[in-house]
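Student: I am attaching a structure below and will ask some questions about it afterwards.
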Amino acid sequence: FTAKPSGTKVTGYIYNKDVKDHRYDIVGKKLKLEYASSDEHLFPRAWDSDNSQGHVDFYENVLGLSPGETPTFFDGMKYFFQWQLDWMYFRYFMWNFSGRQNDLQGLGNVRDGNWITGIPFIDNLRLGDQSKMPESLKNNKAHNKLYMLPLLLGICGFFFQLNRDKKRTLAVFILFFFSGIAIILYLNQALPQPRERDYSYVGSFYAFAIFIGLGVLSIYNFIKNKLIKNSGTAAVVVAGVICLLAVPVLMCSQEWNDHDRHHKTLARDIAEDYLNSCKKNAILFTGGDNDTYPLWYAQEVENVRPDIRIIITTLLGTDWFINQLKEKVNESAPIEMDWPTEKYIGSKRDYLYYVGDKLASDKYYNLADVLHFTDSNDPNAKIVLPNTNDTMSYVPTQNFSIPVDKQQVIQDSLVSPADTAYIVPKVIFQDKLSAFQKNDLAELHIIAANHWKRPVYFTSPSLSQGLSDYTEDDGLTYRLVPYLNPADTLNPGLGNINTSQMYNVIMHEFKFGGAQIPGTYFDEPNRRELYYLRSAFARLGIALAAQDKKDSARQVLEYGNKEILAANYPYGMTSSNNIDDYTSMLYAQACYMAGDFTLGKTIADAVMADCTQQLTFYNSLSQDQFTGDLQQEARAAQYILGRLQMIQQEFGPKAATPSRPGNPVMKNDTGENPGGKKK
């Protein structure tokens, strides 16, 4: 991963079909990076130099390398055995045939997602005292104790077949190997991964299940020959009952509840919640698959909000997707984009470097003008690439502005009447990228060419290319608006909230995917979606209470408590970065601010109990087990405990009327502004 490319080699060409002239035109080259021979290693494992997902940091951390230090062959072997084989395969294998700690995505600590046996002295030796784990993890439905019985029965079956039929044993083992360990060898995965990858190796788990089936014969054979001699029928009955109870019945009793999908419609419902949070004819920028696939389903299958154009930022780097945006889809008009096809087709403008020595760094430049500059054929708009005679376009600034036609945005009802006084003449923002990829450029082209004609939304402010200060929370989505978010010193990051719009969406449009039905199981990826819903309730509750709309705030908070049952998604829930407890803390604060002290105390008690249990578990760990990430979790838990105490003191029933510095300026239920002004 420390290797630096020494050049590129053309391996072929990229073609585009000209439908009109019935021919294929060359629109780019297929390039392969070349490296110095000194950078090439036998069986390279720690290879990925892209640190956008923390891969470089992970390599350096687990291998004990200094920044920029080249890994040796033995470092690669350590990574291969400890992380690729053990963590990314053997752990998943043991989930299925030994037991699983919980459904939290693990990255090597003793708390999250390990395999267990269910036998205390074995698990406690490896993972610390499991009896001191937080209740939210001990009672996690994915906490499955299989006592290694499926594993042992499969091992018995393997040796039973091996002693009788080596040829067929080899055939099953080859299936096991090539659908499991061989995939590890081939994929050469870096860590961390966006999600657990156990599904990649399900073929090998099937193969091992063949050995489990043969293990029943081995038990029968043992009983027949050693225990109940000369009684084949009795041996069959005894072996069948023992194996049935020891493996499938045990597995069913432990694992049924975390594989049960009854009543769960979260993917569909969260998609509808996103869509219904948008105004008519909106443009909605989304991130990866978890956002996009449910949205496509909702529109294409159930015909929900076909007026909205969904734009996937990860696909914006392809010419075919950009071309599709220029066409009408369902009831959505074509996307206006002042970007000629010949400027982005094929490999053109896959990336442009930022070169910052051409323009003043303290000024902001019209976004449309900058983008036109990057499309120019003028030699002055090019840079010469190092060690070559080739030239390429570049981005001359990271400081952009978007002009705002105040009368037009008011006429198009993109800004509510209460906010018209805060409209700025131009939106100024920074997009601090060292290299702008094609999808970055395409998104900026869309925003620049829109001229505030259609509402622009993001499923997350992180997708807004540096425009997050100009986004407004309309439900689950964030709308681009021509005024700044207010500052909030008590709740940094709460942001600007359109309480009128958000109240209507949450109370009348939101669906909850089965969270309102007792017994519905939501695993960690599901809980991330429920976190967005619960966070929306908390933000709106705080906003309404800050505007002295306490009746409305209580209605919202009690509705959220009813529709997202604590039994399905606990308020006190141990999770990565303590994000669930933090959100519940905000929910408790909203309740206290709204005067709903009973619900507020219930939530606060649950969160404080979970954080206290976390600290108890961390204190029980050895120095080696109390890793850096768990130390960070402990600090977060301590912060939440202190913050909750402060909230109860300030907003509790015995507190005086609080004086909140830096209250957020947000619209109330009727769209009126309660006073103050936006920055």
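Student: For the range 168-195, name all the residues that are more than 12 Å from Gln84 (Cα to Cα) and modelled with pLDDT of 95 or more.
Tutor: Arg168, Thr169, Leu170, Ala171, Val172, Phe173, Ile174, Leu175, Phe176, Phe177, Phe178, Ser179
Student: Can you tell me which residues in the range 492-530 are among the hydroxyl-bearing types (Ser, Thr, Tyr) and either more than 23 Å from His259 (Cβ to Cβ) or at pLDDT below 95 (or both)?
Tutor: Once the filter is applied, which keeps residues that are among the hydroxyl-bearing types (Ser, Thr, Tyr) and either more than 23 Å from His259 (Cβ to Cβ) or at pLDDT below 95 (or both), the range 492-530 yields Thr499, Ser500, Tyr503.
Student: Give the range 429-458 a look and list any residue that's surrounded by fewer than 19 Cβ atoms within 10 Å (Cβ to Cβ) and over 30 Å from Asp50 (Cα atoms), or say none.
Tutor: If the condition is that a residue be surrounded by fewer than 19 Cβ atoms within 10 Å (Cβ to Cβ) and over 30 Å from Asp50 (Cα atoms), then Ala449, Asn450, His451, Lys453 are the ones that fit.
For (1) open to solvent by 10 Å² or more (accessible area, probe 1.4 Å); (2) under 25 Å from Met608 (Cβ atoms); (3) modelled with pLDDT of 95 or more, each residue gets a yes or a no:
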| site | (1), (2), (3) |
| --- | --- |
| Trp87 | yes, no, yes |
| Phe90 | yes, no, yes |
| Phe93 | yes, no, yes |
| Gly99 | no, no, yes |
| Leu107 | yes, no, no |
| Arg111 | no, yes, yes |
| Pro120 | yes, no, yes |
| Asn144 | no, no, yes |
| Phe159 | yes, no, yes |
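Student: So which residues in the range 25-76 are touching a His at 6+ places or on another chain (Cβ under 7 Å) and touching a residue at least 40 places away in the same chain (Cβ under 8 Å), if there are any at all?
Tutor: Asp48
Student: Can you confirm whether Asn61 is open to solvent by 30 Å² or more (accessible area, probe 1.4 Å), within 25 Å of Asn109 (Cα to Cα), modelled with pLDDT under 95 and touching an Asp or Glu at 6+ places or on another chain (Cβ under 8 Å)?
Tutor: For Asn61, the condition - open to solvent by 30 Å² or more (accessible area, probe 1.4 Å), within 25 Å of Asn109 (Cα to Cα), modelled with pLDDT under 95 and touching an Asp or Glu at 6+ places or on another chain (Cβ under 8 Å) - is not met.
Student: Which residues, counting only those in the range 370-385, are farther than 18 Å from Gln437 by Cα and not in a strand (DSSP E or B)?
Tutor: Residues satisfying the conditions are Asn377, Asp378, Pro379, Asn380.
Student: Phe43 fails exactly one of the following numbered conditions: (1) touching a Phe, Trp or Tyr at 6+ places or on another chain (Cβ under 6 Å); (2) within 20 Å of Leu185 (Cα to Cα). What is the number of that condition?
Tutor: Failed condition: (1).
Student: When you go through Val56, Val62 one by one, which is the residue that is over 29 Å from Lys9 (Cβ atoms) and β-branched (Val, Ile, Thr)?
Tutor: Answer to the check: Val62.
Student: Going residue by residue through the range 589-600, is there one that turns out to be part of a helix (DSSP H, G or I), under 25 Å from the mean Cα position of the chain (by Cα) and either aromatic (Phe, Trp, Tyr) or at pLDDT 95 or above (or both)?
Tutor: No; the residues of the range 589-600 include none that is part of a helix (DSSP H, G or I), under 25 Å from the mean Cα position of the chain (by Cα) and either aromatic (Phe, Trp, Tyr) or at pLDDT 95 or above (or both).
Student: Looking only at the range 330-342, which residues are part of a helix (DSSP H, G or I) and open to solvent by less than 90 Å² (accessible area, probe 1.4 Å)?
Tutor: Within the range 330-342, just Thr341 meets the criteria.
Student: On the basis of being crowded, with 24+ Cβ neighbours inside 10 Å and within 24 Å of Pro294 (Cα to Cα), does Gly541 make the cut?
Tutor: no
Student: Same structure, new question: With the structure loaded, tell me whether Lys224 is buried (at least 17 other Cβ atoms within 10 Å of the Cβ) and part of a helix (DSSP H, G or I) or whether it fails that test.
Tutor: Yes; evaluated as a whole, the condition is true for this residue.
Student: For the range 299-317, what are the residues that are open to solvent by 20 Å² or more (accessible area, probe 1.4 Å) and basic (Lys, Arg)?
Tutor: The one that is open to solvent by 20 Å² or more (accessible area, probe 1.4 Å) and basic (Lys, Arg): Arg305.
Student: Right, next: Kindly list, by first and then second residue, each pair from a residue in the range 283-298 that is exposed (fewer than 14 other Cβ atoms within 10 Å of the Cβ) to a residue that is modelled with pLDDT under 95, limited to pairs with Cβ atoms under 6 Å and residues at least 6 apart or on different chains.
Tutor: What qualifies is Gly288/Thr314.
Student: Moving on. Report whether or not Glu327 is touching a Pro at 6+ places or on another chain (Cβ under 8 Å) and surrounded by 14 or more Cβ atoms within 10 Å (Cβ to Cβ).
Tutor: The answer is no for Glu327.
Student: For the range 135-168, enumerate the residues that are under 21 Å from Phe90 (Cβ atoms) and outside any helix (DSSP H, G or I).
Tutor: Result: Ala142, His143, Asn144, Lys145, Leu146, Tyr147, Met148.
Student: Collect the residues in the range 499-522 that are within 23 Å of the chain's Cα centre (by Cα) and of a type in the set (D, E, K, R), keeping them in residue-number order.
Tutor: Residue satisfying the conditions is Lys511 alone.
Student: A further question on this structure: Mind listing whichever residues of the range 555-581 are crowded, with 20+ Cβ neighbours inside 10 Å and either at pLDDT below 95 or part of a helix (DSSP H, G or I) (or both)?
Tutor: Answer for the range 555-581, where residues must be crowded, with 20+ Cβ neighbours inside 10 Å and either at pLDDT below 95 or part of a helix (DSSP H, G or I) (or both): Val556, Leu557, Gly560, Asn578, Asp580, Asp581.
Student: Could you list, in sequence order, the residues of the range 231-278 that are without any contact (Cβ under 8 Å) to a residue 12 or more places away in the chain, open to solvent by less than 60 Å² (accessible area, probe 1.4 Å) and assigned to a helix (DSSP H, G or I)?
Tutor: Gly232, Ala234 - these are the residues of the range 231-278 that are without any contact (Cβ under 8 Å) to a residue 12 or more places away in the chain, open to solvent by less than 60 Å² (accessible area, probe 1.4 Å) and assigned to a helix (DSSP H, G or I).
Student: Does the range 118-134 contain at least one residue that is of a type in the set (A, V, I, L, M, F, W, C), farther than 24 Å from Leu621 by Cα, assigned to a helix (DSSP H, G or I) and out of contact with any Asp or Glu (no Cβ under 9 Å at 6 or more places or on another chain)?
Tutor: The answer is no, given that none of the residues of the range 118-134 is of a type in the set (A, V, I, L, M, F, W, C), farther than 24 Å from Leu621 by Cα, assigned to a helix (DSSP H, G or I) and out of contact with any Asp or Glu (no Cβ under 9 Å at 6 or more places or on another chain).
Student: Answer with yes or no whether Thr520 is touching a residue at least 60 places away in the same chain (Cβ under 8 Å) and either among the aromatic types (Phe, Trp, Tyr) or open to solvent by less than 20 Å² (accessible area, probe 1.4 Å) (or both).
Tutor: Taking the combined requirement at face value, the residue satisfies it.
Student: Which pairs have Cβ atoms under 6 Å, sit 6 or more apart or on different chains, and link a residue in the range 400-427 that is open to solvent by 80 Å² or more (accessible area, probe 1.4 Å) to one that is outside any helix (DSSP H, G or I) and of a type in the set (S, T, N, Q)?
Tutor: Here the result reads Lys426/Ser401, each pair linking the range 400-427 to a residue that is outside any helix (DSSP H, G or I) and of a type in the set (S, T, N, Q).
Student: Another question about this same structure. Do you know which residues across the range 324-360 are free of Cβ contacts under 8 Å to residues at least 24 places away in the same chain and under 15 Å from Leu441 (Cβ atoms)?
Tutor: Once the filter is applied, which keeps residues that are free of Cβ contacts under 8 Å to residues at least 24 places away in the same chain and under 15 Å from Leu441 (Cβ atoms), the range 324-360 yields Thr341, Glu342.
Student: Please find, within the range 386-399, the residue that is farthest from Trp452 (Cα to Cα) out of those that are outside any strand (DSSP E or B) and open to solvent by less than 80 Å² (accessible area, probe 1.4 Å).
Tutor: Checked the range 386-399; the qualifying residue farthest from Trp452 (Cα to Cα) is Thr388.
The values are calculated or read from the model by the stated rules, or taken from the named source; none is laboratory data. Please read all numbers here as calculations on a predicted model, not as lab measurements. Methodologically, a virtual Cβ is constructed for each residue, glycine included, from the backbone with ideal geometry; neighbour enumeration extends over all protein chains shown. With ligands, DNA and RNA removed, areas are computed over all heavy atoms of the protein, side chains included. Shrake-Rupley method; radii C 1.70, N 1.55, O 1.52, S 1.80 Å.
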